[in-house]
1. In what sequence, highest mean first, do 325-334, 352-361, 103-112 appear when ranked by Cβ atoms within 10 angstrom?
2. For the chain, what is the accessible area per residue in Å², given a 1.4 Å probe and the full set of protein chains?
3. Can you order the peptides 284-295, 119-130, 64-75 by their average number of other Cβ atoms within 10 Å per residue, highest first?
4. Determine, for each peptide in 414-424, 34-44, 168-178, the mean count of other beta carbons within 10 angstrom over its residues, then list the peptides with the highest first.
5. Which Cα, out of Ile386, Phe210, Leu348, lies furthest along the positive dipole direction of the chain (beta carbon charges, K/R +1, D/E -1)?
6. Can you give me the C-alpha center-to-center distance between the range 241-271 and the range 341-364, rounded to a whole angstrom?
7. With an 8 Å Cα cut-off and a minimum separation of 6 or more residues, compute the relative contact order for the chain in percent.
8. Using a basic spin-label model with each label point 7 Å from the Cα along Cα→Cβ, how many nm lie between Ala344 and Asn395?
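The values are calculated or read from the model by the stated rules, or taken from the named source; none is laboratory data. Please read all numbers here as calculations on a predicted model, not as lab measurements. In this analysis, Cβ positions are derived from the backbone assuming ideal geometry, glycine residues included, and neighbour counts consider all displayed protein chains. Please note that ligands, DNA and RNA were not included when accessible areas were found on the heavy atoms of the full protein model with its side chains. Shrake-Rupley method; radii C 1.70, N 1.55, O 1.52, S 1.80 Å.
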Amino acid sequence: MEKEAGLSPDSTVYDMRIYNTLTKRVEEFVPNVEGKVAMYTCGPTVYHFAHIGNLRSYICEDLLEKTLRYIGYDVKRVMNITDVGHLSSDADTGEDKMLKGAKREHKTVMEIAKFYTDAFFSDCKKLNIKTPDVVEPATNCIAEFIHMIGVLLEKGYAYKAGENIYFDTSKLKEYYVFGNQNEDELMVGVRDDVTEDTNKKNKNDFVLWFTKSKFEDQALKWDSPWGMGYPGWHIECSCISMKHLGEYMDIHCGGVDNIFPHHTNEIAQSESYLGHKWCNYWFHVHHLNDKDGKISKSKGTILTVSVLEEKGYDPLVYRFFCLQSHYRKPLEFSFDALDNANTAYQKLKKRCLDIKAEAAKSLGGDASKAAANIPGDEKAAYEKFIEDFKAALENDINTSMATTLCYDVLKAEISPVTKLALIESFDTVLGLDLTVEKEEAAPTVDAELEKYITEQIELRKAAKKEKNFAEADRIRAELLQKGVALEDTREGVKWHLV
Ligand code: AMP
Ligand code: ZN
């Protein structure tokens, strides 16, 4: 259940501190415009289901966004959908991911994109990840890409070779803006199937626009001043963010594997195009690993939200699991660890629901009025807890500390009403549905079952007409076993689910 973050009592005092990959320090967060945050998130490549590693990044980014809103910022968050041009090596070599998905499933690239975009947002919903204010597929912005590439060519930051347009990294004073990564870190983003492109002038040059690549059968192509082709991956995030957030951005997010080459290349082309600094803070979420290393789609069975559900876990148990560790630390996933999180989550939720029931009793049965009914002598205690909660999150998104405060509230010497108001306030950021009773799904009847019931009723009618009451009773009993009760009324036979 999605709720708006933002019950902060004093929404004008900001004290946010955040680790910035650009400076390698935890810094005070100061946006360009007071009170407003322009935030960008690298969205999914929609060629397959998101795995739970991808979703760790989106959960942590959601916590960042909700924290900013909670402490009073007006946030505009933009996310792209990579539905074209993401090659599996991230270095403009390797196989095109979208094409790979389409071939695998015998569908068109756009069918694949639609299906996996919907699947992504359905997973996000189950994990209480808020949909960004703007979601823009790359295929919507071809004109913007062409414009930016044109300017980069004009300014001498790009060149044509082998009929592709490349960004010339040798034109920059500093290309490795994220600094002192070692070679291993730099290679994180360079995945499988890397073959050197002989058109490039410099090793790190990257493609802005392809007209000739090894994917001549590319399904999606657009006309451009340089011929029919398609954009490189990195250009999309620069253009989509500028389209919706303008020339200055406050915070840009992604997983650590995006630092190089993707974010490094985004900065190179954006700042060359703009002629000034583009984004001040870079927020990177560390990887979810299993015992064999980083969880990825190329590793056989993909661990998805559906797999967790099939195994009987509430997806929010995975969110709770992520909240227990810090986003800047690698997190090791195992089902044993998830089981522990499940036990802890169910216990915490039960305690919260018990408090809700107690609070409801003192509120004439209506627990929704807790926040408005905090007893006067508990207002200070309430404010103090809110301050502590804000302080935990303002300290570089310390989610485990913020979660621990739920236990402190439950133990505190305050009324159930105040406890409930606090837990509900915290949950606007934590997103754990701690006070939301799981709705019992109403039993439904699919078309096939309905057809079967109608047929059986007709057969029973015929049996009765032939005075074969044993058969009529057998049909009634068999339906009952399937959860369908029959009722003989003056208007005919009626049925309902039991
Ligand atoms: P992709 O759909 O491959 O572009 O990835 C979507 C997001 O998931 C990006 O921000 C990646 O950096 C991030 N990501 C990929 N693998 C992992 C992982 N194992 N753990 C956490 N984040 C990941
Ligand atoms: Zn991006």
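1. Values: 325-334: 16.2, 352-361: 18.1, 103-112: 14.7.
Ranked from most to least packed, the peptides come out as 352-361, 325-334, 103-112.
2. Values: 22670 Å² over 498 residues.
For the chain, the per-residue accessible area is 46 Å².
3. Values: 284-295: 17.2, 119-130: 19.5, 64-75: 22.2.
Going by the mean number of other Cβ atoms within 10 Å, highest first, we get 64-75, 119-130, 284-295.
4. On the way: 414-424: 24.1, 34-44: 21.0, 168-178: 15.0.
Sorting 414-424, 34-44, 168-178 by mean packing, highest first, produces 414-424, 34-44, 168-178.
5. Leu348
6. When both Cα centres are located, 42 Å separates them.
7. On the way: 770 pairs, mean separation 88.8, N = 498.
With pairs under 8 Å counted, the relative contact order is 18 percent.
8. Calculated label separation equals 1.7 nm.
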